[in-house]
Amino acid sequence: MRGENFDQRQIGVNAHAAAQAHNSYLELALEGGLPSAIALHAALAWLIAFTIGGVARRRVDGFVPVVTLADSVLLAVHALVDFSLQIPAIAATWAILLGIGCPQSLSSRVRDGERDERPNGQRSRQDRIWP
């Protein structure tokens with residue numbers, strides 16, 4: 001049984017069947033193990049949930065979290081039928097978009113734990129530019 005590890009033998013899946021799955025989630029679970037798959041997907045789900053919050057919070061430059069979220073949904077759905085995230089250019093582009101989109105998901109009104117306390121509900125210059 002060369003080319004197979006203990007987990008694949010235990011559940012009756014050989015390495016060839018795992019390589020032909022064309023499903024990134026199933027392939028990660030079979031080759032990396034269920035604990036690593038759960039940990040990786042939990043971390044990515046947290047980042048995507050963070051951008052969903054940014055879509056709801058941002059009024060200025062709100063397109064950045066929207067683009068990050070749309071790209072993440074597109075890649076997540078495509079990973080069900082193909083292994084596009086194993087292509088370095090696609091994975092690097094997605095990592096760059098997550099790196100830009102997650103910080104932009106933070107509200108521009110709350111920085112470093114300080115609240116924006118404006119008297120009488122005055123709006124900032126940025127708020128006046130964007131309706």
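Just so it is clear, none of the values below were taken in a lab; they were calculated from the coordinates. What you are looking at is a predicted structure, and each value in this text was computed from that prediction instead of being measured. Every residue, glycine among them, receives a Cβ derived from its backbone with ideal geometry; neighbour counts consider all protein chains shown.
Give me a count of the residues in the range 72-87 that are more than 12 Å from TYR25 (Cα to Cα) and either in contact with a Gly (Cβ under 8 Å, 6 or more places away or on another chain) or outside any helix (DSSP H, G or I) (or both).
Looking only at that region, the number is 1.
List pairs: first in the range 44-68 and touching a residue at least 24 places away in the same chain (Cβ under 8 Å), second surrounded by fewer than 16 Cβ atoms within 10 Å (Cβ to Cβ) and of a type in the set (S, T, N, Q), Cβ under 8 Å, 6+ apart or cross-chain?
ARG57/SER107; ARG58/SER107; ARG58/SER108; VAL60/SER108; VAL60/GLN126; ASP61/SER108
Just give me the residues in the range 88-99 being surrounded by 13 or more Cβ atoms within 10 Å (Cβ to Cβ) and over 20 Å from GLU27 (Cβ atoms), in sequence order.
Answer for the range 88-99, where residues must be surrounded by 13 or more Cβ atoms within 10 Å (Cβ to Cβ) and over 20 Å from GLU27 (Cβ atoms): THR93, LEU97, LEU98.
Among the residues of the range 41-87 satisfying the criterion of being surrounded by fewer than 16 Cβ atoms within 10 Å (Cβ to Cβ) and among the polar types (S, T, N, Q), which is farthest from ASN23 (Cα to Cα)?
The extreme case among them is GLN86.
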